[in-house]
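Read the structure below first, then the notes.
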Amino acid sequence: MLPLQGVRVIEFCEVASGPFCGMLLADFGADVIKVEKSDGGDALRQWPPLNHGDSENFASLNRNKRSIALDLKDPAQRDIARRLCLSADVVLENYRPGAMARNGLGYADLSPEKPSLVMASISAYGQEGPRANEGGFDVVIQAVGGIMSVTGEADSDPVKCGVPVSDFSAGLYAAFAIVTALRHAEATGQGAHLDIPMLGTTLAIAALQTSEYFGTGKSPRKLGSAHPRNAPYQAFRAQDGFFVLAAGNDKLWRSVCEMVALPELVGDSRFIDTTSRCTNQAALKHLLESVFRMRTSAHWIEQCAMRGIPCGPINDYATALADSQVAATELVQDLDLPNGARTKTVVSPLRFGETQFGVRRRPPALDEHRTEILSELP
C-alpha cells in the first residue's frame, strides 16, 4: 500500500509547476485525475521533443495520472468538473487567481458542500496583493525573485538558471502543503485553501542569499561557480577542461595544499581561514589553476578522491544519467507513451524502506479515461 493510496486529486494544471506537484502526489499513490482543455489539452503536450507525436516533456511530468478533457464553457461539462471536485480530497490548480471561481469551482464555491476539501492554488504572485492578477512564467519569476541577479559570471549578461527552479520549487512546496493540509483535514474535518506563490517560493529557497542581504544590507552578486563564503569551492580549469572541487573547511583546505604540493599556502595570511580565502579567492584560484592546468581533470578528481576532498566532473545530462549511482538506485526507468513508443524517465528519487515510487501508469492520452472516470461519479 502506497502512502497516499485512497487520496483523490483533481488536477486543473498546465505546463510545469502544477503538473509536477500532481505527479509527486501520484507517485506516492494518489489517484490524480488530470482535467484538460477539450481543445488540445495541456499545452505541454505540444512541446518538443516529440516521440512519434507524443511529447517527451509532457511524459516526464504526467506519469501515474488519468485524463479527462472538459470544456468548462459548457454548463453540462462544467457540472462534471464540479462533481469531480466534490468527489475528491484535493483540487490542484495553477491558473491565474479567480479563474476557478469564474467557473464556479473556487474554494468558496466548493467548501460549503465539502468542508474537508483541500484546494491548492499555484500562481505567479499569490491569490492576493497588488500583483496577484499578473501572469508569470519561470523566467519572469527568476528575474523578479532575484535568481538571475546571482546566476552567471560576474561580468556576464543576465542568464537564468538552466533548470526551471521557480516552477519546480513551487510544485515541491505545493505537494508538501497538500500533504500537511490532508493531515489537518483528517484530524479536524476542515480543509483549507492553500496559496502557493511562485515569487514567494523562489525567495524562500534563496535563504542563503536573502540572509546575506539582511545581514549586510548589500545584495549578493554573481560569482559564477564560486561561493560567497567558502573557498576553494568552485570549478577549476585543468589541462583538458574543468572540474569542481569543494574544500569547505580548514582540514580539506590543508589536503588541497598537500595535493598541489604548495604547503606554504597553509600559512599564507591571505588564506589562513575560510573568510580570508573567500576575500582573496581570485588570487587563490590563479595559484591553484597554475598547478591544475598541468594535469587532466580526471587526474585531479582521482587525487581529490584519494584524500576525501569532495570533487567531480562537470557532466552533461547524458553522462549524469549514465552515472553508476543512478544505475544502482534504478532512478531511470522505462516509460511507455500513449502511442506505444517507449522512452525513459527519471522516477521519484525517494524510498520508504524498500519501497520505490516508480512508474505504475504511463502518461495518459488526452481524454483517455473519460468513460472510466465518469462511471465512478455518484
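Are there any pairs with C-beta distances below 6 angstrom linking a residue in the range 357-378 that is under 16 Å from Gly29 (Cα atoms) to a residue that is in a loop (DSSP other than H, G, I, E, B) and of a type in the set (Lys, Arg), with the two at least 6 apart or on different chains, and if so which?
As it stands, the answer is Val359/Arg63; Pro363/Arg63, since those pairs meet every condition given.
Mind counting the residues in the range 354-365 that are in a loop (DSSP other than H, G, I, E, B) and open to solvent by less than 60 Å² (accessible area, probe 1.4 Å)?
6
So which of Leu265, Leu284 is more than 20 Å from Gly224 (Cβ to Cβ), surrounded by 14 or more Cβ atoms within 10 Å (Cβ to Cβ) and either among the hydrophobic types (A, V, I, L, M, F, W, C) or touching a residue at least 60 places away in the same chain (Cβ under 8 Å) (or both)?
Leu265
Quick one: would you say Ala327 is among the small types (Gly, Ala, Ser) and under 29 Å from Ile10 (Cβ atoms)?
Here the answer is no, as Ala327 does not meet what is asked.
Report yes if Ala177 is open to solvent by less than 40 Å² (accessible area, probe 1.4 Å) and out of contact with any helix residue (DSSP H, G or I) (no Cβ under 6 Å at 6 or more places or on another chain), otherwise no.
Yes; evaluated as a whole, the condition is true for this residue.
Arg102: under 21 Å from Leu72 (Cβ atoms) and open to solvent by 60 Å² or more (accessible area, probe 1.4 Å), yes or no?
yes
Hey, could you check the range 21-58 for residues that are surrounded by fewer than 24 Cβ atoms within 10 Å (Cβ to Cβ) and of a type in the set (Gly, Ala, Ser) and say which is farthest from Ala120 (Cα to Cα)?
That would be Gly53.
Of everything in the range 319-353, what is of a type in the set (S, T, N, Q) and open to solvent by 60 Å² or more (accessible area, probe 1.4 Å)? Give them in sequence order.
Thr319, Ser324, Gln325, Asn339
With the requirement that a residue be aliphatic (A, V, I, L, M), part of a helix (DSSP H, G or I) and either free of Cβ contacts under 8 Å to residues at least 40 places away in the same chain or in contact with a Ser or Thr (Cβ under 6 Å, 6 or more places away or on another chain) (or both), what does the range 177-210 give you?
Ala185, Ala187, Met198, Ala204, Ala207, Leu208
Counting just the residues of the range 161-176 that are free of Cβ contacts under 8 Å to residues at least 40 places away in the same chain and among the hydrophobic types (A, V, I, L, M, F, W, C), which one comes out farthest from Leu44 (Cα to Cα)?
Phe176
The values are calculated or read from the model by the stated rules, or taken from the named source; none is laboratory data. Since the model is a prediction, treat every value here as computed from it, not as a measurement. Cβ atoms come from the backbone with ideal geometry, glycine included; neighbour counts cover every protein chain shown. Only protein heavy atoms, including side chains, enter the accessible area calculation; ligands, DNA and RNA are left aside. Shrake-Rupley method; radii C 1.70, N 1.55, O 1.52, S 1.80 Å.
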